[in-house]
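Report on the structure given below.
The values are calculated or read from the model by the stated rules, or taken from the named source; none is laboratory data. Fair warning: this is a prediction, and the values are worked out from it, not measured in the lab. Here the Cβ is made from the backbone with ideal geometry for all residues, glycine too, and neighbour counts use every protein chain on show. Each accessible area value is taken on the protein alone, full model and side chains, heavy atoms only, with ligands, DNA and RNA left out. Shrake-Rupley method; radii C 1.70, N 1.55, O 1.52, S 1.80 Å.
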Amino acid sequence: MEEIKVSPDYNWFRSTVPLKRIIVDDDDSKVWSLYDAGPKSIRCPIILLPPVSGTAEVFFQQVLALTGWGYRVISLQYPVYWDLMEFCDGFRKLLDHLQLDKVHLFGASLGGFLAQKFAECTHKSPRVHSLILCNSFSDTSIFNQMWTANSFWLMPAFMLKKIVLGNFAKGPVDPKMADAIDFMVDRLESLNQSELASRLTLNCQNSYVEPHKIKEVAVTIIDVFDQSALSLEAKEEMYKLYPNARRAHLKTGGNFPYLCRSAEVNLYIQIHLRQFHGTRYAAISPSMVSAEELQVQESQLSQHEDDDQSEDSCLQADQ
């Protein structure tokens with residue numbers, strides 16, 4: 001099996017896209033790490049937020065593919081925050097620092113939950129134009145860990161890693177999924193005790209998304225039909241919360257479809273972002289969009305919002 005870490009794509013990514021470190025808080029130990037690729041003229045890029053076990057590198061295949069198509073993509077790694085409001089405040093300061101008024105957010109698992117909370121937190125002065133939620137959740141009570149959420153900071157790193165690894169797929173998986181799990185284990189090993197403890201705290205402290213505050217935000221939900229850390233109930237809850245969301249289902253992909261089913265995930269991201277072509281919220285360089293596609297897009301935008309249903313069926317057909 002070819003390991004992701006030694007793959008040509010990963011090495012190309014590491015050698016061509018620089019890792020930036022940015023401090024926006026008064027506490028200079030809070031460092032945001034990010035890869036910012038694609039045309040800097042784009043003012044509404046797509047930002048990728050990793051799961052508990054992830055670093056900014058886990059989305060390297062999205063960064064390579066989407067920038068190749070002309071999109072601006074920022075893959076993030078958040079610093080140590082112990083509280084959701086603190087995270088939202090730090091993320092808002094980061095967007096201010098990057099001079100980004102509005103953004104599209106793609107979040108995997110915890111990243112998706114944080115994306116929803118940030119959209120909710122900034123709803124009075126919206127910073128999130130759309131959301132793509134991959135294997136994500138809207139209520140932390142599904143993890144039944146609320147009683148331990150306040151003690152993660154005390155636990156040694158090996159115990160925290162054990163908790164996270166307990167949610168990884170067990171039993172036989174195909175080679176690509178096995179490679180994805182190996183890569184995520186490697187990324188998990190690179191996180192220190194406070195990084196892991198803070199993420200688990202955010203993941204498990206008592207909180208839920210208030211959908212009425214983000215009902216204007218366009219949403220796509222990406223999830224898998226095979227084994228993942230999310231229960232069927234958690235997925236159903238997401239569908240109920242976002243009844244108008246587009247749904248993108250992958251037959252397989254486990255917890256990390258953006259790594260082991262990257263072509264499909266990248267296609268769904270592209271379909272989601274296509275609805276903003278030709279507007280000020282486009283995440284793609286206009287020169288990379290064919291005039292024909294733009295024309296189609298403009299006619300779609302002029303139609304009534306009720307036509308979203310037909311677009312949803314298009315998404316199902318693309319599977």
Residue in the stretch 186-199 that is open to solvent by 10 Å² or more (accessible area, probe 1.4 Å) and of a type in the set (A, V, I, L, M, F, W, C) present: no
Residue check for Phe106: in contact with a helix residue (DSSP H, G or I) (Cβ under 9 Å, 6 or more places away or on another chain), part of a helix (DSSP H, G or I) and at pLDDT 95 or above: no
Exclusive hit being under 23 Å from the mean Cα position of the chain (by Cα), at pLDDT 90 or above and surrounded by 12 or more Cβ atoms within 10 Å (Cβ to Cβ), set Phe183, Phe152: Phe183
Test result for Tyr268, under 30 Å from Trp82 (Cβ atoms), open to solvent by less than 40 Å² (accessible area, probe 1.4 Å) and at pLDDT 95 or above: no
Number of the condition not met by Lys213 [criteria: (1) more than 25 Å from Val103 (Cβ to Cβ); (2) open to solvent by 10 Å² or more (accessible area, probe 1.4 Å)]: (1)
The stretch 214-239 residues that are in a loop (DSSP other than H, G, I, E, B) and at pLDDT 85 or above, paired with ones that are open to solvent by 30 Å² or more (accessible area, probe 1.4 Å) and not aromatic (Phe, Trp, Tyr) (beta carbon under 6 Å, 6 or more apart): Phe225/Lys251; Asp226/Thr252
Hits in the stretch 131-149 - residues which are within 18 Å of the chain's Cα centre (by Cα) and at pLDDT below 85: none
Of residues in the stretch 172-228 being touching a Leu at 6+ places or on another chain (Cβ under 9 Å) and of a type in the set (Lys, Arg), the one nearest to Lys161 (Cα to Cα): Arg199
Answer residue from the stretch 108-132, given it is open to solvent by less than 10 Å² (accessible area, probe 1.4 Å) and of a type in the set (Gly, Ala, Ser) and is nearest to Phe168 (Cα to Cα) among those: Ala108
Flag for Asn135 being surrounded by fewer than 20 Cβ atoms within 10 Å (Cβ to Cβ) and polar (S, T, N, Q): no
In the stretch 225-265, the residues that are open to solvent by 20 Å² or more (accessible area, probe 1.4 Å), aromatic (Phe, Trp, Tyr) and either within 26 Å of Arg43 (Cβ to Cβ) or over 18 Å from the mean Cα position of the chain (by Cα) (or both): Phe225
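Here's the yes/no breakdown for (1) within 21 Å of Ile132 (Cβ to Cβ); (2) in contact (Cβ under 8 Å) with a residue 60 or more places away in the chain; (3) crowded, with 21+ Cβ neighbours inside 10 Å; (4) touching a strand residue (DSSP E or B) at 6+ places or on another chain (Cβ under 6 Å):
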site: Asp27; (1), (2), (3), (4): no, no, no, no
site: Ser41; (1), (2), (3), (4): no, yes, no, no
site: Leu49; (1), (2), (3), (4): yes, yes, yes, yes
site: Val52; (1), (2), (3), (4): yes, yes, yes, no
site: Ala56; (1), (2), (3), (4): yes, no, yes, yes
site: Gln61; (1), (2), (3), (4): yes, yes, yes, no
site: Leu76; (1), (2), (3), (4): yes, no, yes, yes
Answer residue from the stretch 155-174, given it is of a type in the set (D, E, K, R) and in a helix (DSSP H, G or I) and is most open to solvent (accessible area, probe 1.4 Å) among those: Lys162
Residue selected from the stretch 149-168 under the condition of a type in the set (S, T, N, Q) and touching a residue at least 40 places away in the same chain (Cβ under 8 Å), by the criterion farthest from Leu230 (Cα to Cα): Asn150
Qualifying residue in the stretch 124-132 (condition: in a helix (DSSP H, G or I) and either under 26 Å from Arg43 (Cα atoms) or touching a residue at least 12 places away in the same chain (Cβ under 8 Å) (or both)): no
